[in-house]
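Colleague: One structure follows; several queries about it will come next.
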Amino acid sequence: MALPSYAGPIERVWYYAYRLICAAIFFFLIVPILVIIPLSFNAEPYFTFTPEMLSFKASGYSLRWYQDIVNNEQWLHSIKNSFIIGIAATLLATAFGTVAALGLSRADLPFKRLLMAVLISPMIVPLIISAAAMFFFYSAPFGSDFALTHTYAGVILAHAALGTPFVVITVTATLVGFDKNLIRASSSLGADSVTIFFKVIMPLILPGVISGALFAFVTSFDEVVVVLFMAGFEQRTIPRQMWAGIREQISPTILAVATLLICLSTVLLATIELLRRRNERLRGVTY
């Protein structure tokens, strides 16, 4: 919004000071992340800018670390695991979170606040505590023969538990503007519960469901603490491989992987924003 012509001196100072503060905040948040991108093209095996890079010489830049991702079996295995675990955990979290949100939207549900607090508790409890609790629970819930630690199922269930709160919150927010008269009208026309859900409810809450699913996927894709507790070598994900790379063998390949993750996160965030705007249009919200 442009500064009005009648604005006084204090309003003019605050107008420009506010924008300066916002720019400083964005600089503080974004620049440390953006520094990783040019470093991933470093021709030398260093985590710093070389004189050739600072002078913008072609010899200072290389794609060797991106090629190393393709030629390294450990990185390829980690990428495959991240997508397998992330997609499976997202499907579970989306199903659980959507059902929970629909239940919480009922006006006659008892202990609604308590149930909501329990469902979003994985977002509040420190992750190290959740990881330790999951490790001891999944290690031998029904005896050692049924241990889920160091298995894909255990990691998927743990990541689904972490992603479910995001689905609950986004779908619950979408249901706030949902007109329940549509359900009554559908019932009066003879539609059963399944038809009402898939033909009436789901199309209207779909943007919130997809947004929650994307948040759940990002949570699983970027998570490392639970993987350290729950996963073995076969279940090693990208963050776990990056952690091992920093501790065992420092290589700028980590920066190349981090750059790809930044690009993926940017695409997902843009998708979430587009879905949010579509949801507002469906609900008739304008600004």
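Colleague: Roughly what would the spin-label model give for V125 and L269, points 7 Å off Cα along C-beta, in nm?
Modeller: So the label points at V125 and L269 sit 2.9 nm apart.
Colleague: Once the Cβ-Cβ distance between H77 and S139 is put in as r, and R0 is 22 Å, what FRET efficiency do you end up with, to the nearest 0.05? Don't jump to the answer; show the numbers that get you there.
Modeller: Numbers: r = 24 Å, r/R0 = 1.09.
The computed FRET efficiency comes out at 0.40.
Colleague: Follow-up. List the aspartates and glutamates whose Cα sits under 17 Å from the Cα of K80, skipping any in the same chain fewer than 8 residues away.
Modeller: Counting by Cα, and skipping residues close in sequence, K80 has these aspartates and glutamates nearby: D68, D222, E223, E234.
Colleague: What order do you get for 80-90, 244-254 when each peptide is scored by the mean count of other beta carbon atoms within 10 Å, highest first?
Modeller: Numbers: 80-90: 19.7, 244-254: 15.3.
Descending mean neighbour count gives 80-90, 244-254.
Colleague: How high is the FRET efficiency between A132 and E44 when r is their beta carbon distance and R₀ equals 30 Å, given to the nearest 0.05?
Modeller: So, using R0 = 30 Å, E works out to roughly 0.15.
Colleague: So which lysines pass the test for K199, namely a Cα distance under 29 Å, with those fewer than 8 places away in the same chain ruled out?
Modeller: The reachable lysines, counting only those whose Cα sits under 29 Å from K199, are K112, K180.
Colleague: Once phi is turned into θ = phi - 60°, what whole-Hz ³J(HN,Hα) does the Karplus curve with 6.51, -1.76 and 1.60 give for every residue of the range 24-31, x standing for Gly and Pro?
Modeller: 5, 5, 4, 4, 5, 8, 8, 4
Colleague: Starting at the first residue of the range 82-93, write each ³J(HN,Hα) from the Karplus equation 6.51 cos²θ - 1.76 cosθ + 1.60 with θ = phi - 60°, in whole Hz, x for Gly and Pro.
Modeller: In residue order, the calculated couplings are 4, 6, 4, 5, x, 5, 5, 5, 5, 4, 5, 5 Hz.
Colleague: Given H placed on each backbone N at 1.01 Å, which residues far from N42 in sequence or on other chains put an amide H within less than 5 Å of it?
Modeller: Hits under the 5 Å cutoff: S62.
Colleague: How large is ³J(HN,Hα), in whole Hz, for each residue of the range 205-217 in order, when computed from phi with the Karplus curve 6.51 cos²θ - 1.76 cosθ + 1.60 and θ = phi - 60°, using x for Gly and Pro?
Modeller: With coefficients 6.51, -1.76 and 1.60, one gets 9, 4, x, x, 5, 5, 4, x, 5, 5, 4, 5, 5 Hz.
Colleague: Same structure, new question: Would any residue of the range 69-105 have its amide N under 17 Å from a label point 7 Å out along Cα→Cβ of Q249? List them or say none.
Modeller: In the range 69-105, the label zone of Q249 (backbone N under 17 Å from the point 7 Å along Cα→Cβ) covers 69-79.
Bear in mind these aren't lab numbers, they're just calculated from the coordinates by the rules spelled out. Values in this document were obtained by computation on a predicted structure and should not be read as measured data. Heads up, the Cβs are rebuilt from the backbone with ideal geometry, glycines too, and the neighbour counts pull from every protein chain shown.
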